[in-house]
Amino acid sequence: MKLASLKSKRDGRLVVVSNDLTRYTDAGRIAPTLQAALDDWAVAAPQLQALSQSLEVGAVPVERFHERECASPLPRAFQWADGSAYVNHVELVRKARGAEMPATFWTDPLMYQGGSDTFLGPRDDIEMAQEDGWGIDMEAEIAVIVDDVPMGASPALAASKIRLIMLVNDVSLRGLIPGELGKGFGFFQSKPSSAFSPVAVTPEELGDAWRDGKLHLPILVKLNGEAFGQANAGVDMTFDFGQIIAHAAKTRPLGAGAIIGSGTVSNKLNDGPGKPIAEGGAGYSCIAEIRMIETIQSGAPVTPFMKFGDSVIIEMKDADGASIFGRIEQTVQPYTAP
């Protein structure tokens, strides 16, 4: 089952989308918004699944699905917490800012709590007040939406609470991160609004690609139209989603609709940092990683961070080459105050 939120008011209008992402049918008689469905998932999910089946056989009214009309599946959420399950990525970006990585990062997940009152739509511009000095970067990740998770849940119980899966562009401002972390209190200004894929997908829809709390498919990234990354999200994932969710719920319950991210997808090569696609590697899911590789190889980064007019595409395809979640496609533009 694939669900989307068409842009409407603050929380969107819930629709069920066909498997091939070409058609949708309104789900308002079941739940007006995705959050409303998640609040009563045990009742809503079977009805939404039945509606999805009817959509596939043409038994309900349909309209053409346009990804550009979508908000993020949850246009805003009660909780957005992003982990760093791919410790290779953490190690590289910490080296890039001259910070050592504690050994505990390999055994205890890293996580930050992001702003969730406004998410960008999958085709919305990334608006920034300035480009110089901020180090505008994209980060291609996997995210899950959970049902109610009790405090102290085990990884197995936490994994059983995953209801939907999405892609995310976790926008980062690398130039602001060192100063913020230097204060010893975490991210805030350096983590602006994120964008999620046009559709959210149930785990069952992914078949064998979803197993062991991981999504075993490449996440495809293009930067200014050129292939930039194709790292497999199921490879080099130190912590699976059950472990990440359990970490988030260690001292608090998580409410239905909470979003938990994987962190930037990152693959190694022969126990070392990966190579660019042009050199036969899996490439990268963010610019900071390739800049670190360039620094290691030549003493200084070459690839610039994003500037006004630069674009990013994030997508994932199934074994037949069909898009699963739709496409995040965004361009960096100057911010204009309302």
Count of residues meeting criterion [of a type in the set (A, V, I, L, M) and either in contact with an Asp or Glu (Cβ under 6 Å, 6 or more places away or on another chain) or loosely packed, with under 15 Cβ neighbours inside 10 Å (or both)] in region 300-338: 8
message: If I ask for residues that are surrounded by fewer than 24 Cβ atoms within 10 Å (Cβ to Cβ), assigned to a strand (DSSP E or B) and either in contact with a Leu (Cβ under 9 Å, 6 or more places away or on another chain) or at positive phi (or both), which ones from region 242-280 would you list?
response: P273
message: Being under 26 Å from the mean Cα position of the chain (by Cα), more than 21 Å from H66 (Cα to Cα) and small (G, A, S) is the filter here; which residues of region 32-55 pass it?
response: A36, A37, A42, A44, A45
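Of the residues that sit in region 286-299 and are β-branched (V, I, T) and surrounded by fewer than 21 Cβ atoms within 10 Å (Cβ to Cβ), which one is modelled with the lowest pLDDT? Full working, then the answer.
Keep residues of region 286-299 that are β-branched (V, I, T), which gives 287, 290, 293, 295-296.
Imposing the further condition that a residue be surrounded by fewer than 21 Cβ atoms within 10 Å (Cβ to Cβ) reduces the set to 295-296.
On the way: T295: 85, I296: 77.
By that ranking, first place goes to I296.
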statement: Selection from region 189-222 of residues among the hydrophobic types (A, V, I, L, M, F, W, C) and either without any contact (Cβ under 8 Å) to a residue 40 or more places away in the chain or part of a helix (DSSP H, G or I) (or both) yields L206, A209
statement: Here the residues within region 163-179 that are open to solvent by 10 Å² or more (accessible area, probe 1.4 Å) and either touching a strand residue (DSSP E or B) at 6+ places or on another chain (Cβ under 8 Å) or in a strand (DSSP E or B) (or both) are R163, R174
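If you check R29 against the conditions, is it within 24 Å of Q113 (Cα to Cα), assigned to a loop (DSSP other than H, G, I, E, B) and not aromatic (F, W, Y)?
Taking the combined requirement at face value, the residue does not satisfy it.
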task: Residues being at pLDDT 85 or above and touching a strand residue (DSSP E or B) at 6+ places or on another chain (Cβ under 7 Å): count how many of those fall in region 85-114.
output: 6
field: Positions within region 262-273 being in contact with a helix residue (DSSP H, G or I) (Cβ under 8 Å, 6 or more places away or on another chain) and of a type outside the set (V, I, T), in sequence order
entry: S262, G263, S266, N267, K268, P273
message: Just to check your reading of the model, which residue among V149, V221, V199 is out of contact with any Leu (no Cβ under 7 Å at 6 or more places or on another chain) and either among the polar types (S, T, N, Q) or surrounded by 22 or more Cβ atoms within 10 Å (Cβ to Cβ) (or both)?
response: V221
message: What's the total number of residues in region 34-83 that are part of a loop (DSSP other than H, G, I, E, B), open to solvent by less than 30 Å² (accessible area, probe 1.4 Å) and in contact with a Lys or Arg (Cβ under 7 Å, 6 or more places away or on another chain)?
response: 3
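The values are calculated or read from the model by the stated rules, or taken from the named source; none is laboratory data. Since this is a predicted model, take the numbers as computed values, not measurements. Cβ coordinates were reconstructed from backbone atoms using ideal geometry, including for glycine residues, and neighbour counts include every protein chain displayed. Note: areas computed on protein heavy atoms with side chains; ligands, DNA, RNA excluded. Shrake-Rupley method; radii C 1.70, N 1.55, O 1.52, S 1.80 Å.
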